[in-house]
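Undergrad: What follows is a structure written as structure tokens; I'll ask about it next.
The values are calculated or read from the model by the stated rules, or taken from the named source; none is laboratory data. Quick caveat, the model's predicted, so the values are computed rather than measured. Reconstructed Cβ throughout: ideal geometry from the backbone, glycine too, with neighbour counts over all protein chains shown. The accessibility values were calculated without ligands, DNA or RNA, using every heavy atom of the protein model including side chains. Shrake-Rupley method; radii C 1.70, N 1.55, O 1.52, S 1.80 Å.
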Amino acid sequence: MKITGSEAVIKCLLEENVDLIYGYPGGAIMPIYDALYHYQKEVKHVLVRHEQGATHAAQGYARSSGKPGVVFATSGPGATNLITGIADAQIDSTPMVCITGQVASHLLGSDAFQETDIVGISTPITKWNYQITKAEEIPTVLAKAFFIAKSGRPGPVLVDITKDAQFELIDFKYQACTKVRSYKPEPSSSLKELDAAVDLINKAKKPLIVFGQGVILGEAEEEFKNFIEKTGIPAAWTILGLSALPTAHPLNVGMVGMHGNYGPNVLTNECDLLIAMGMRFDDRVTGDLNRYAKQAKIIHFEIDPAEVNKNVPVDVAVLGNIKKTLPQITEKVNKNNHENWLKEFRKRDEIEYQTVIEKDLHPTKDEMTMGEVIHAINEETKGDAIIVTDVGQHQMVACRYAKFNQSKSNITSGGLGTMGFALPAALGAKMGAPEREVVAIIGDGGYQMTIQELGTIFQTGAAVKIVVLNNNFLGMVRQWQQLFFDKRYASTELVNPDFVTIAKGYYIDGEKVDKRSGLKNAVKKMIQSKKPCFLEVCVEKEDNVFPMIPTGESVSNIRLS
Amino acid sequence: MKKVKKFTVSIYTENNLGLLNRISAIFLKRHLSIDSINSSPCEIEDIFRFVIVLKTEEELIKKVITQLEKQVEVIAAFYHTDVETIFQESALYKVKTEALFQKKKVHTIIKNSHASIVMVSPEYFVIEKTGKREETEKLYTDLAPFGILQFVRSGRISVTKEPMRITEILEKNK
Ligand SMILES: Cc1ncc(C[n+]2csc(CCOP(=O)(O)OP(=O)(O)O)c2C)c(N)n1
């Protein structure tokens, strides 16, 4: 029996075990929505309030569940509204399949109503994209799309389907894609590289690991833990690596990078071996490359050959999925410990505690700090929650202080730094891991970039806990203005609406805390609630996040104040 | 100072709509300007070969190569210097036919430069010359006094002295 291209699209999704789609309908994708109508039992569609929200929700879903997020949008403005989320997914390696409707094929190129060249526009920010003009292409192209999105280093793909192809009738036959001849998702390493890595690891006196999201994407948390426990090597994380190793693990030495911890940043320039594990030496991590780990030998465990030697030249590259490469290394390396070297980190932790952390977490001043809010959340969730952050000071503070017991728990926009990410991403994260507590930590600026997704949260009933840390400023930009632009606060002060009333307008329980005495209880109440909840906390307006490596500075010159 | 050199990039790809866009985006992203670009089928069925010439630093071109290879439909990419390749460009010169009769010298120029006349009409004639850049440029200067009505030069095409082993790569990924 023949079916329409639209129905074929839905059937492909079912073949790929998709049970959730985030999207927004419109003229050019209406046939697909009509087909979806007949499959409501098999696949749930979440109607967002803006297509950008659909992409971030799909990202949150992908990052909490490990499955690709799926997005639908119509042609023209629907499709262009996806761009920020696609770019974010590309730079943070999030598997996502976007399906956009397109004007009928005979109209392509004619500036038809709601026609945009979405394939052209999305090319530099997708792992792969394709325009379908004939229904018969649907099964093979979608199979390929899912395979590419998920395999190797994951990423977003976009498939644009003309309206006539959605109507056209075909015989449906689906075959999952397992290979594309021009594409090598997982490069391999020779014995020579593995042995060279083992040799460097065995010889190192002061080794340091910096791990990134590669550990999580490769689902190699266990393999990673076995490796560090056998070798006794201190392990620091990038913002996207956070939660791959429990924060309380004795070998976890904290965060590297611009607002990372004092110890791992400074000691990057004192270690004799730096082991980069599924991370890509982003400039926010390395600071000035000419003064980055020059004294150290470097081993890079990496799935994407384009990342090797891109920013930092390495001595040994172990290519491949660390889930496979790391156990081979662990087996061969000597059991070891680096007690004295580890003490160097703990010494610096103590300095950081005295100068920064104590007054962040246990302030004596009247105004509340972002740090103490995160601390209060930790106390309540005991490190079991998924924390979704937006972009800015609150993000850095949350990543610095949030406690995590399990992986896939820290969801943030790292590479692109997309304000507006957190609210929709938290919704997606909750739907991807419904049994887990999901707490979104958002600034008063970024919150207002996708605030309309409160509507989606209300409509789905997803029990997301939303915390807005309100400092009445675009805080991170204000901090830079204070430190580097002589306090000229150009357009960073915000006059905000009554956030609690807005939440209530969406029938979401809301509370505002402006005194320390109310914090603990409000957090407790929020976490204990089984419904979506909103909590606004008024924090000190002009607090700064420290430590900080100013742009272009060396990691050694990290400022504590 | 880093050394800027001329490189020929060869990219083997699937024959896919939009791939040119994807490839050029990688150069654009790094603010690299392309001197010439050529695309044609290659010795393997259904596989295309782009030949792109540009001037940049070797360190950078290495990174561009890995980023090109990362694209799903790129099979392999390479870079070479001039000495590692055999390369040619083609040029066409459209000249007023008068020149042929008025000045005998034109014949000598064409003959000496190993160019050929591809067509002659009462109004104009067309000369074709394949060779290195210096050769097509020299012919241009030599013909200029006779009035060149139109001039066009193709992008570089090149083959490498070393084998490319694309079939082997394809076999491996099968
Ligand atoms: C979409 C977008 N626009 C602009 C920026 C630049 N930016 C980075 S942090 C920041 C301030 C964020 O302010 P807020 O959301 O209030 O969080 P805070 O820093 O105060 O915690 C801005 C404007 C960005 N990252 N993303």
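Undergrad: Which trypsin sites (Lys or Arg not before Pro) from the stretch A:90-153 combine a DSSP loop assignment with at most 15 other Cβ atoms within 10 Å?
TA: On the way: sites: A:Lys127, A:Lys134, A:Lys144, A:Lys150; in loops: A:Lys127, A:Lys134.
Taking the stretch A:90-153 and a limit of 15 other Cβ atoms within 10 Å, the loop trypsin sites (Lys or Arg not before Pro) found are A:Lys134.
Undergrad: Calculate the translational D of the stretch B:34-110 in whole µm² s⁻¹ from Stokes-Einstein, where the hydrodynamic radius comes from the Kirkwood formula applied to all Cα pairs, the temperature is 25 °C and the viscosity 0.890 mPa s.
TA: Values: Rh = 16.2 Å.
My calculation gives 151 µm²/s for D.
Undergrad: With a ≥ b ≥ c the root eigenvalues of the C-alpha gyration tensor of the stretch A:191-344, is it rounded (a/c under 1.5), prolate (a/b larger than b/c) or oblate?
TA: Numbers: a/c = 1.20, a/b = 1.09, b/c = 1.10.
Taking the square roots of the gyration eigenvalues as a ≥ b ≥ c, the stretch A:191-344 is rounded.
Undergrad: In whole Hz, with x marking every Gly and Pro, tabulate ³J(HN,Hα) for the stretch A:323-339 from phi via Karplus 6.51 cos²θ - 1.76 cosθ + 1.60, θ = phi - 60°.
TA: Those phi angles translate into 4, 9, 6, 4, x, 5, 6, 4, 4, 8, 6, 6, 5, 7, 9, 10, 3 Hz.
Undergrad: Then there is this: Given the protein chains as shown and a 1.4 Å probe, how many square angstrom of A:Arg181 are accessible, to the nearest 10?
TA: 90 Å²
Undergrad: With a 1.4 Å probe and all protein chains kept in place, how do A:Ile83, A:Ile527 rank by accessible area, largest first?
TA: Result, largest first: A:Ile83, A:Ile527.
Undergrad: Percent relative contact order of chain A, based on C-alpha pairs within less than 8 angstrom and at least six residues apart?
TA: Working: 1309 pairs, mean separation 82.4, N = 561.
Relative CO of chain A lands at 15 percent.
Undergrad: Give the aspartates and glutamates reachable from A:Lys324 as a straight Cα distance under 17 Å; neighbours fewer than 8 places away on the same chain don't count.
TA: List returned: A:Glu186, A:Glu193, A:Asp195, A:Glu219, A:Glu221, A:Glu222, A:Glu223, A:Glu302, A:Asp304.
Undergrad: So what is the calculated 222 nm ellipticity per residue for the protein assembly as shown, using -39500 (n - 2.57) for each DSSP H run with n of 4 or more, over all residues, to the nearest 500 deg cm²/dmol? Kindly include the intermediate steps, with their values, before the conclusion.
TA: Values: 30 runs with 266 residues, N = 735.
So the calculated ellipticity at 222 nm is -10000 deg cm²/dmol.
Undergrad: Here is a follow-up. Can you give me the % of accessible surface on the stretch A:2-171 that is carbon or sulfur? Probe 1.4 Å, all protein chains present, nothing else counted. Before the final figure, lay out each step's value.
TA: Details: 3020 of 5660 Å².
Its accessible area is 53 percent carbon and sulfur atoms.
Undergrad: Under a Cβ-Cβ cut-off of 12 Å, what is the net charge of the residues other than A:Pro77 that fall near it, where Lys and Arg count +1 and Asp and Glu count -1? Present the calculation step by step, with values, prior to reporting the outcome.
TA: Numbers: positive: none; negative: A:Glu51, A:Glu115.
It works out to a net charge of -2.
Undergrad: Go through B:Thr130, A:Thr389, A:Thr178 and list them by solvent-accessible area, largest first, probe radius 1.4 Å. Intermediate values should be presented prior to the final figure.
TA: Numbers: B:Thr130 55, A:Thr389 0, A:Thr178 105 Å².
From most accessible down to least: A:Thr178, B:Thr130, A:Thr389.
Undergrad: Which shape class applies to chain A: rounded if a/c is under 1.5, otherwise prolate when a/b exceeds b/c and oblate if not, where a ≥ b ≥ c are the square roots of the Cα gyration tensor eigenvalues? Walk me through the numbers on the way to the answer.
TA: On the way: a/c = 1.97, a/b = 1.24, b/c = 1.59.
Oblate shape, in that a/c is at least 1.5 and b/c is the bigger or equal ratio.
Undergrad: For the stretch B:88-153, with all protein chains present and a 1.4 Å probe, just round the carbon and sulfur fraction of the accessible area to a whole percent.
TA: Details: 2300 of 4170 Å².
Looking at the stretch B:88-153 in its full context, I get 55 percent from C and S.
Undergrad: For the stretch B:22-59, list whatever residues lose no less than 50 Å² of accessible surface once every protein chain is in place, relative to that chain by itself, with the probe at 1.4 Å.
TA: In the stretch B:22-59, residues shielded by partner chains: B:Arg22.
Undergrad: Now a separate question. Dipole of the protein assembly as shown (Lys/Arg Cβ +1, Asp/Glu Cβ -1, origin at the Cα centre): which of A:Thr178, A:Ile201, A:Thr389 lies farthest to the positive side?
TA: A:Ile201
Undergrad: Not counting ligands, DNA or RNA, and with a 1.4 Å probe, what is A:Lys408's accessible surface area in Å² rounded to the nearest 10?
TA: 40 Å²
Undergrad: Sticking with this structure for a sec: Of A:Phe146, B:Phe78, A:Phe458, which has the most accessible area with a 1.4 Å probe, and how do the rest follow in descending order? Don't skip to the end; give the middle numbers.
TA: On the way: A:Phe146 0, B:Phe78 50, A:Phe458 95 Å².
Solvent-accessible surface, decreasing: A:Phe458, B:Phe78, A:Phe146.
Undergrad: Moving to a separate point now. When a/c is below 1.5 the answer is rounded, else prolate if a/b is larger than b/c, else oblate, so apply that to the stretch B:61-104 with a ≥ b ≥ c taken from the square roots of the Cα gyration tensor eigenvalues. Before the final figure, lay out each step's value.
TA: Working: a/c = 5.78, a/b = 3.22, b/c = 1.79.
Prolate.
Undergrad: Taking a probe of 1.4 Å, how large is the accessible area per residue of the protein assembly as shown, in Å²?
TA: Numbers: 31440 Å² over 735 residues.
About 43 Å² of surface per residue is accessible.
Undergrad: Buried accessible area for the A:B pair, summed, 1.4 Å probe, in Å² rounded to 100? Spell out each step's value before the answer.
TA: Details: alone 22240 and 10970 Å², together 31440 Å².
Its buried surface, counting both partners, is about 1800 Å².
Undergrad: Distance cut-off 19 Å, Cα to Cα: go down the list A:Lys11/A:Lys134; A:Lys203/A:Lys310; A:Lys294/B:Lys6; A:Lys365/A:Lys515; A:Lys134/A:Lys173; A:Lys205/A:Lys335 and report the pairs above it. Can you show the working numbers first?
TA: Working: A:Lys11/A:Lys134 16 Å; A:Lys203/A:Lys310 26 Å; A:Lys294/B:Lys6 30 Å; A:Lys365/A:Lys515 11 Å; A:Lys134/A:Lys173 15 Å; A:Lys205/A:Lys335 13 Å.
Beyond 19 Å: A:Lys203/A:Lys310; A:Lys294/B:Lys6.
Undergrad: Now for a different question. Give the aspartates and glutamates reachable from B:Lys96 as a straight Cα distance under 18 Å; neighbours fewer than 8 places away on the same chain don't count.
TA: Answer for B:Lys96, where 18 Å is the Cα cut-off: B:Glu123, B:Glu128, B:Asp142, listed by chain and number.
Undergrad: Now for a different question. In whole Hz, with x marking every Gly and Pro, tabulate ³J(HN,Hα) for the stretch B:64-77 from phi via Karplus 6.51 cos²θ - 1.76 cosθ + 1.60, θ = phi - 60°.
TA: Each residue of the stretch B:64-77 in turn: 4, 4, 5, 6, 5, 5, 5, 5, 3, 9, 8, 7, 6, 9 Hz.
Undergrad: For each pair in B:Lys62/B:Lys161; A:Lys297/B:Lys70; A:Lys44/A:Lys504; B:Lys3/B:Lys161; A:Lys150/A:Lys541; A:Lys323/A:Lys359, compute the distance between the two Cα atoms and list the pairs where it is over 31 Å. Please list the in-between numbers first.
TA: Working: B:Lys62/B:Lys161 19 Å; A:Lys297/B:Lys70 26 Å; A:Lys44/A:Lys504 26 Å; B:Lys3/B:Lys161 24 Å; A:Lys150/A:Lys541 42 Å; A:Lys323/A:Lys359 40 Å.
Over 31 Å Cα-Cα: A:Lys150/A:Lys541; A:Lys323/A:Lys359.
Undergrad: Tell me which of A:Thr238, A:Tyr506, A:Ile411 sits at the most positive position along the dipole axis of the protein assembly as shown, charges placed on C-beta atoms (Lys, Arg +1; Asp, Glu -1).
TA: Towards the positive end, the residue furthest out is A:Thr238.
Undergrad: Over the heavy atoms of A:Arg291, what accessible area does a 1.4 Å probe trace out, to the nearest 10 Å²?
TA: 100 Å²
Undergrad: Give me a comma-separated list of calculated 3J(HN,Hα) values for the stretch B:127-141, in order, Karplus coefficients 6.51, -1.76, 1.60 applied at θ = phi - 60°, integers in Hz, x for any Gly or Pro.
TA: So the Karplus estimates, Gly and Pro as x, are 10, 10, 9, 10, x, 7, 3, 4, 5, 5, 6, 4, 4, 4, 5 Hz.
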